[in-house]
1. I'd like to know which of A:Leu97, A:Leu42, A:Thr57 lies farthest towards the positive end of the charge dipole of chain A, counting +1 on Cβ of Lys and Arg and -1 on Cβ of Asp and Glu.
2. If r is the Cβ-Cβ distance from A:Thr20 to B:Ala22 and R0 is 35 Å, what FRET efficiency results, to the nearest 0.05?
3. For B:His42 and B:Asp75, what is the calculated FRET efficiency with R₀ set at 22 Å and r taken between the beta-carbons, to the nearest 0.05?
4. In the Gaussian network model of chain A, springs joining C-alpha atoms below 10 Å, which of A:Ala86, A:Ala34, A:Ala94 carries the largest mean-square fluctuation?
5. Taking a 21 Å limit on the Cα-Cα distance, which of the listed pairs A:Lys23/A:Lys63; A:Lys56/B:Lys60; A:Lys85/B:Lys60; A:Lys23/A:Lys85; A:Lys56/A:Lys85; A:Lys23/A:Lys56 fall beyond it?
6. Starting from the Cα gyration tensor of chain A, take the square roots of the eigenvalues, sort them a ≥ b ≥ c, and report rounded, prolate or oblate (rounded when a/c is under 1.5, otherwise prolate if a/b is larger than b/c, else oblate).
7. Taking θ as phi - 60°, what are the ³J(HN,Hα) couplings along segment B:61-69 by the Karplus curve (6.51, -1.76, 1.60), each to the nearest whole Hz, with x for Gly and Pro?
8. Considering amide H positions built from the backbone, and no H for Pro or chain starts, which residues 5 or more places from B:Lys41, or on another chain, come under 5 Å of its amide H?
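Here, each number is a calculation from the coordinates, and none is a lab measurement. Since the structure is predicted, the reported quantities are computational estimates derived from the model, not experimental observations. Heads up, the Cβs are rebuilt from the backbone with ideal geometry, glycines too, and the neighbour counts pull from every protein chain shown.
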Amino acid sequence: MTDKKQSILAVLTKPPYGGTTAKEALDAVLTAAAFEVPVSVLFMDDAVFQLLPEQKTEGIEVKCLATTLPVLPMYDVEHIYVDRKALVDRGIDAEQLILSVQPVETDTLRSLFQNHSRILSF
Amino acid sequence: MILHTVNKSPLTSSCLNNCLRAIGDNDGLLLIEDGVYGADKHQGLKLKPLPSGITVYALKADVEARGLMGRLSEDVRVIDDQEFVDLVVSHNASQSWY
């Protein structure tokens, strides 16, 4: 087994607020980053909805994800990817997200899974 | 007159499709929680063809939380919790798709 340097890929597929997985993913990523484990994040499927601006959550009394997600780069989490197809399917513009992310095509997306030693899915 | 509620995103669940198969004339369709993604005009509720008399509502708190205010289809009516209660009362039955 080649000694693949410890690195985590967090794969997110769930939208915000419908359940708690979006928040749990963020907590896990920030924890890994705090322990200086290289961690990358991939937003796929409905998780791309987590990146929409203008989230006002007072009405459902939960903490707003859109205020926490943008801090990821400050925790040295720089490799943040989004599945371009998921954006296109939902008519979302990659330029208007709450965080600068790197849209990826299918082949790059697949390589992400190969290039990390651990995968966490949310 | 039935009030149907859907609480899952149409892209990752069959709840909305099931509802649209069952919904009849003069019923109401209320999108709540993640169901409000169905009201997003971009990926579309694909409501056509909908029987006549169907009014589509979306719950305000859920729409705002998800940043969808500027992305809704025109024919969707945003309602608050009190109007939600009024809707339930004004229909003689309700059916939740979840």
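1. The one lying farthest along the dipole's positive direction is A:Leu42.
2. Numbers: r = 30 Å, r/R0 = 0.85.
Computed FRET efficiency for A:Thr20 and B:Ala22: 0.70.
3. Details: r = 15 Å, r/R0 = 0.67.
With R0 = 22 Å, the Cβ-Cβ based efficiency is 0.90.
4. Highest fluctuation among the options: A:Ala34.
5. Details: A:Lys23/A:Lys63 9 Å; A:Lys56/B:Lys60 10 Å; A:Lys85/B:Lys60 28 Å; A:Lys23/A:Lys85 23 Å; A:Lys56/A:Lys85 26 Å; A:Lys23/A:Lys56 16 Å.
Exceeds cut-off: A:Lys85/B:Lys60; A:Lys23/A:Lys85; A:Lys56/A:Lys85.
6. Numbers: a/c = 1.96, a/b = 1.35, b/c = 1.45.
Since a/c reaches 1.5 but b/c is at least a/b, the shape of chain A is classed as oblate.
7. Residue by residue, segment B:61-69 yields 4, 6, 5, 5, 4, 9, x, 9, 3 Hz.
8. Here B:Leu72, B:Ser73 satisfy the definition.
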